[in-house]
Amino acid sequence: MGIELNKQNVQRFYDEVIGMGDVSVIDDLMCSEFVHHGDALFPYIGGSEAIKQGVKGVKTAYPDGHTVIEDMVAEGDIVVVRLTWRGTHLGPFMGKEPTGKVHKWAGLSTYRFNNEGKIIERWANQDVMPQLMALGMIPEMKLGGG
Amino acid sequence: MSVDANKMLVSEFHQVVMVERRLDEVAQFMRDPLLDRDSKGVPEPLDRVKRSFAMYFSAFPDLQSKVEDITAEADKVVCRLTLTGTHQGEFMGAAPTGKSFSASAIHIFRIVDGKITERWEWVDRMGIRNQLGIQN
């Protein structure tokens with residue numbers, strides 16, 4: 001346990017779970033009652049099993065999907081990650097047929113660890129509007145003022 | 001500057017600018033220009049930064065900004081917020097709807113010599129638009 005180990009575990013989550021799609025690693029990193037607080041795209045996910053299903057869904061839609069960690073800031077039981085996600089849309093996603101295009105978005109995610117060194121909570125903030133526009137799920141618009 | 005001093009700077013910035021809306025004091029906390037990573041990383045004159053705050057204050061006159069947590073390491077301070085407000089002025093081109101929202105926001109600030117010099121910002125714009133019922 002400790003700040004450095006927490007940071008390593010967040011790195012493992014992105015490398016092994018998101019990058020390689022190995023959802024079994026989630027059991028090492030997260031407690032089962034893990035809660036995800038998201039935004040408009042995935043507002044709430046309860047439980048690490050639901051996260052496994054979510055990751056599988058995203059990896060089916062974006063088999064090469066992976067995250068680059070741009071920055072990490074950690075203190076106490078919190079690790080904040082600034083990231084860029086990138087993947088090629090080759091499978092159905094949220095009811096939309098594959099476009100074959102590379103989609104990418106930026107995000108800022110905050111992870112909280114429990115006193116056993118496992119991730120118990122996450123606030124995932126992604127700039128989803130460009131992605132939803134790319135999928136044709138919301139109209140093209142000029143983004144600004146926020 | 002120590003990590004604690006950096007956190008204090010960001011707390012004061014939030015109180016003075018976001019809560020008390022003393023926009024004429026932004027320059028005490030931020031370097032001019034600010035390196036704003038969400039404006040393609042180009043240096044942003046503080047006047048434009050202030051106009052962006054003013055836009056939110058005029059779109060949501062009752063805007064409340066609550067600090068959920070502040071996390072700091074080395075020269076970075078992260079401030080995670082919950083914003084609530086009622087849509088009473090133009091927002092992102094949309095006429096006032098009179099509806100209210102609650103949405104998360106998060107900022108990473110880099111602090112050099114006692115001033116915020118660089119910012120990465122994220123606001124749940126999609127959540128705000130959905131709750132206000134703005135379609136496009």
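Any read-out appearing in this document is the output of simple, stated calculations on the displayed coordinates, not a laboratory observation. Just so it is clear, the model here is predicted, and its values are computed rather than measured. Heads up, the Cβs are rebuilt from the backbone with ideal geometry, glycines too, and the neighbour counts pull from every protein chain shown.
Brief remarks on what is shown
- The ranking of B:Ser100, B:Ser52, B:Ser2 by Cβ neighbour count inside 10 Å, starting from the fewest, reads B:Ser2, B:Ser100, B:Ser52.
- The C-alpha atoms of chain A define a longest principal axis, and helix A:48-61 lies at about 30 degrees to it.
- For chain B, the longest principal axis of the alpha carbon atoms and the long axis of helix B:46-59 meet at an angle near 30°.
- Cβ-derived FRET efficiency at R0 41 Å, A:His66 paired with B:Lys66, nearest 0.05: 0.75
- Placing one equal scatterer on every Cα of the protein assembly as shown and applying the Debye formula, the log10 ratio I(q)/I(0) at q = 0.08 Å⁻¹ is -0.35.
- Among B:Thr84, B:Thr71, a tally of other beta-carbon atoms within 10 Å of each Cβ gives an order, fewest to most, of B:Thr84, B:Thr71.
- Among the listed pairs B:Lys7/B:Lys50; A:Lys7/B:Lys50; A:Lys52/B:Lys7, a Cα-Cα separation exceeding 31 Å is found for A:Lys7/B:Lys50; A:Lys52/B:Lys7.
- Rounded to whole Hz, the Karplus (6.51, -1.76, 1.60) HN-Hα couplings of region B:96-113, x for glycine and proline: x, 9, x, 8, 10, 9, 9, 8, 8, 8, 8, 10, 10, 10, 9, 10, 10, 6
- Close amide H partners of B:Leu35, meaning residues 5 or more places away or on another chain with modelled amide H under 5 Å apart, are B:Glu44, B:Glu118, B:Arg119.
- Rg to Rh quotient for chain A, alpha carbon positions, Kirkwood Rh: 0.97
- Inter-label distance, A:Gln53 to A:Gln8: 3.3 nm, where each label sits 7 Å from its Cα along the C-beta direction.
- By the helix-only formula, in which each DSSP H run with n ≥ 4 contributes -39500 (n - 2.57) and the sum is divided by residues, the protein assembly as shown has a 222 nm mean residue ellipticity of -7000 deg cm²/dmol.
- Between amide H atoms placed 1.01 Å from N, distances below 5 Å from A:Glu121 occur with A:Val35, A:Arg112, all of them 5 or more places distant or on a separate chain.
- Förster radius 30 Å - calculated FRET efficiency between B:Ala54 and A:Glu140 (Cβ-Cβ, nearest 0.05): 0.65
- Share, in percent, of DSSP beta bridges within chain B that are antiparallel, nearest 5: 90
- With R₀ fixed at 30 Å, the C-beta to C-beta distance from B:Glu90 to B:Gln28 puts the FRET efficiency at about 0.55.
- Just checking the listed ones, B:Met126, B:Met30, B:Met18: in the Gaussian network model of chain B with Cα springs under 10 Å, the one fluctuating most is B:Met126.
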